[in-house]
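Each remark here refers to the structure printed beneath this line.
The values are calculated or read from the model by the stated rules, or taken from the named source; none is laboratory data. Remember, it's a predicted structure, so these values are computed and weren't measured experimentally. Reconstructed Cβ throughout: ideal geometry from the backbone, glycine too, with neighbour counts over all protein chains shown. These area figures cover heavy atoms from the full protein model, side chains too; ligands, DNA and RNA do not enter into them. Shrake-Rupley method; radii C 1.70, N 1.55, O 1.52, S 1.80 Å.
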Amino acid sequence: MQKGKVDVLLGLQWGDEGKGKVVDVLTPQYDVVARFQGGPNAGHTLEFEGEKYVLRSIPSGIFQGGKVNIIGNGVVLAPDLFMAEAKDLEKSGHDLKNRLHISKKAHLIMPTHRVLDAAYEAQKGKSKVGTTGKGIGPTYTDKISRNGLRVGDIFENFAEKYAAHKARHEAILKSLNYTDYDITEVEKTWMEGIEYMKQFQIVDSEYEINQLLKSGKSILCEGAQGTMLDVDFGSYPFVTSSNTICAGACTGLGIGPNKVGEVFGIMKAYCTRVGAGPFPTELFDETGAKIRDLGHEYGAVTGRERRCGWIDLVALRYAIDVNGVTQLIMMKSDVLDGFDTIKACVAYKQNGVEIDHFPFSIEEGIEPIYKELPGWKTDMTKFTSEDQFPREFSDYIKFLEAELETPINIISIGPDRDQTIVRK
């Protein structure tokens, strides 16, 4: 890591890879942690000192004292949910108001955006995307159609701006015949959230970040969701509404691509997905259920069951390419500690033809081709060094590194901050 450089940390699968824990582990090496996209639909879970925290909009570097944490312009922010999240953290003794900066150019998720989210999903019938219902998609839609309301708008004629945006949303809802809703109480809390946000440092974040870089500071950019949910490169249309890949850090924070140094790609030792959409290696048997139970695979924000399957190396190679990943971080290795055999998808069979690249669509006609490897059958959760790894696990790492042509430098063997092994 170089001073005055930006390193990017992001998920390589369908989200939920464990980014929050890794940001927390890496933060001591950086001066600044910045979130560059997504909204409160992304939950980053961190565990340390016997406590468990779930962050939705606030960067995961907030727990390390003295670090600047920035919510970038690429993020969409719900004032009421932000207020609840921030107050919970303040109760636990974290000084947010001095550490957390919010971009003026971040877009606001309005109460009517959540209603629009529900209305659009209802219209899709069987083709539902499986959104979290937090209003993320409609907020990004407004942003792209140049109808958005931004954090910087709260300081001048805000009541008029809000009313105009709300009226436009209500007209859309009426045209969709979706009128059975009441946002009275939500709106009241939302407005309280607006006032609460004014207590924080609301900044021109792109200027601040570039000044920090010029002064030699180091910045870790934190992504939300995962590469396979990227609106351009994911399993469209079953994706999120933002660019979750490395390029999103540039547009979501206002930094030039020549400033990016290391790109940390996070993956699980297996694979999961939440919500609807194709998932080639999904397991519908007892093995899938066992992985879910051992890995506690339930959404940090929604509580939804995650769909579980074996690791997909076709999708991972693709994710490594589109992100320019320089080093890999493997999470939840301990979940596979008790399996006799581990499988890895090395290619797809699409309509009878074997392919080793990620195709335009994986919705139909995809059959995974697996390589089987022996399990390590060893409880690794108390290990402190890679020298303690059983041979079978070391062989699994070597196999993955050869297939992905990228080094695996950090391995997580449990949820706690200390259950992290940095390889030599």
Checklist entry - When ranked by the protection proxy of mean other Cβ atoms within 10 Å per residue, highest first, what sequence do the peptides 377-386, 240-249, 227-236 form? => result 240-249, 227-236, 377-386
Checklist outcome for this item: Which of 35, 292, 391 fluctuates most in a GNM of the chain (C-alpha springs under 10 Å)? That residue is 391
Checklist outcome for this item: Once the dipole of the stretch 68-130 is set up from charges on Cβ (+1 Lys and Arg, -1 Asp and Glu), the residue from the list 94, 110, 122 lying farthest towards its positive end is 122
Checklist entry - Angle between the Cα long axis of helix 184-197 and the longest principal axis of the chain, 0 to 90 degrees, nearest 10? => result 80 degrees
Checklist entry - 222 nm [θ] for the chain, helices only, -39500 (n - 2.57) per DSSP H run of 4+, per residue, to 500? => result -9500 deg cm²/dmol
Checklist entry - Whose amide H sits under 5 Å from the amide H of residue 254, counting only residues 5 or more places off or on another chain, with H placed in the peptide plane? => result none
Next on the checklist: Between helix 205-214 and the chain, what is the angle of the helix's C-alpha long axis to the longest principal axis, kept within 0 to 90° and rounded to the nearest 10?
Outcome noted: 50 degrees
Checklist entry - Net charge near residue 154, counting Lys/Arg +1 and Asp/Glu -1 over other residues with Cβ under 11 Å of its Cβ? => result +1
Item to check | Angstrom value of the Kirkwood radius, inverse mean 1/r, which spans all Cα pairs in the stretch 240-394 | outcome: 17.4 Å
Next on the checklist: What does the extension gain come out to for residue 188 and residue 304, with contour length at 0.36 nm per residue minus their alpha carbon separation?
Outcome noted: 39.0 nm
Item to check | Between 0 and 90°, nearest 10: helix 313-323 axis offset from the chain longest Cα axis | outcome: 50 degrees
Next on the checklist: When a/c reaches 1.5 or more, the comparison of a/b and b/c decides; with that in mind, is the stretch 167-280 rounded, prolate or oblate per its Cα gyration tensor?
Outcome noted: oblate
Next on the checklist: Using the crude model of +1 on Lys and Arg Cβ and -1 on Asp and Glu Cβ, and no other charge, please compute the dipole size for the chain relative to its Cα centre, in debye to 20.
Outcome noted: 980 debye
Next on the checklist: Considering just Cα atoms, how many Å³ per residue does the convex hull of the stretch 16-113 enclose?
Outcome noted: 98 Å³
Checklist entry - Once you sort the root eigenvalues of the Cα gyration tensor of the stretch 115-205 as a ≥ b ≥ c, which label holds: rounded (a/c under 1.5), prolate (a/b larger than b/c) or oblate (the other case)? => result prolate
Checklist entry - Using a Gaussian network for the chain with springs between C-alpha atoms less than 10 Å apart, which of these wobbles most: 199, 64, 37? => result 199
Item to check | DSSP-assigned coil residues among GluC sites (Glu not before Pro) in the stretch 46-109, each with at most 12 further Cβ atoms within 10 Å | outcome: 49
Checklist entry - Between the stretch 202-251 and the stretch 69-113, how many Å separate their Cα centres? => result 16 Å
Checklist outcome for this item: Beyond 31 Å (Cα-Cα) in this structure, taken from 5/349; 21/91; 21/217, we find 5/349
Checklist entry - Round to a whole number: what % of the accessible area of the stretch 194-259 belongs to carbon and sulfur, probe 1.4 Å? => result 54 percent
Next on the checklist: Could you work out the pair-distance distribution P(r) of the chain from its alpha-carbon pairs, with 20 angstrom bin width and percents rounded to whole numbers?
Outcome noted: 27, 57, 16, 0
